[in-house]
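Step one of this worksheet: look at the structure below.
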């Protein structure tokens, strides 16, 4: 047993896990992103970090080394931070949850959830190579520093929606539903961004100090 507290985030693509992790960084917490393990492997193989390539690598790694393979590599990164409390962004299976629960001195899992249409818009705005994109993305203009707000874009098109659905199905196949079911707490990201950020900040503060017994609901 390692004397480390791990706070994990689980949620569907675009739900706000990255935003929550950024809040954690801004408040001095170490953050390890599970997807970086896959992206690093893509670099090693000389592959572009597209959703298709990353999905193929994730499937291959889990098939070869077990469904908790990414968790094991992520835990090594968490230990390397030398911090007593580490935020882990992006759990995708019950096996990963079980691994962290059994290897950390204390583990809390937070589900971040947001409506599907909102998630698709935010992913299109984020613009990461593995994110779904809109066919009219070149015509979009951001009107605010908040990357989640796009005023002059059309609604997400069918191709982007289909790409997101394919990604969700793959991650569900890894066991994300089971991971979300055993989350200790839930953060809803369905309103004002500032409110979400404040809720993340407050919840992390409670978990770091050990002052919460709140359950998912």
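Quick notes on this one:
- Region 86-114 versus region 2-62: alpha-carbon centroid distance in Å: 12 Å
- With the simple spin-label model, which puts each label point 7 Å out from Cα in the Cβ direction, the residue 182 to residue 72 separation comes to 1.8 nm.
- Net lengthening on full extension, residue 202/residue 63 (0.36 nm per residue, minus Cα-Cα): 46.2 nm
- Which of 33, 88 has the fewest Cβ neighbours within 10 Å, and the rest in rising order: 33, 88
- Residue exposure sequence - 73, 201 - by fewest surrounding Cβ within 10 Å: 201, 73
- Region 19-71, relative contact order [Cα under 8 Å, separation at least 6], %: 26 percent
- Estimated FRET transfer efficiency (residue 192, residue 36; beta-carbon r; R0 22 Å; 0.05): 0.15
- Based on the Stokes-Einstein relation at 4 °C and a viscosity of 1.567 mPa s, and on the Kirkwood radius from alpha carbon pairs, region 56-132 is assigned a translational diffusion coefficient of 89 µm²/s.
- Kirkwood analysis of region 10-91, using all unique Cα-Cα pairs, places the hydrodynamic radius at 13.5 Å.
Bear in mind these aren't lab numbers, they're just calculated from the coordinates by the rules spelled out. Model, not experiment: these values are computed from the prediction. Methodologically, a virtual Cβ is constructed for each residue, glycine included, from the backbone with ideal geometry; neighbour enumeration extends over all protein chains shown.
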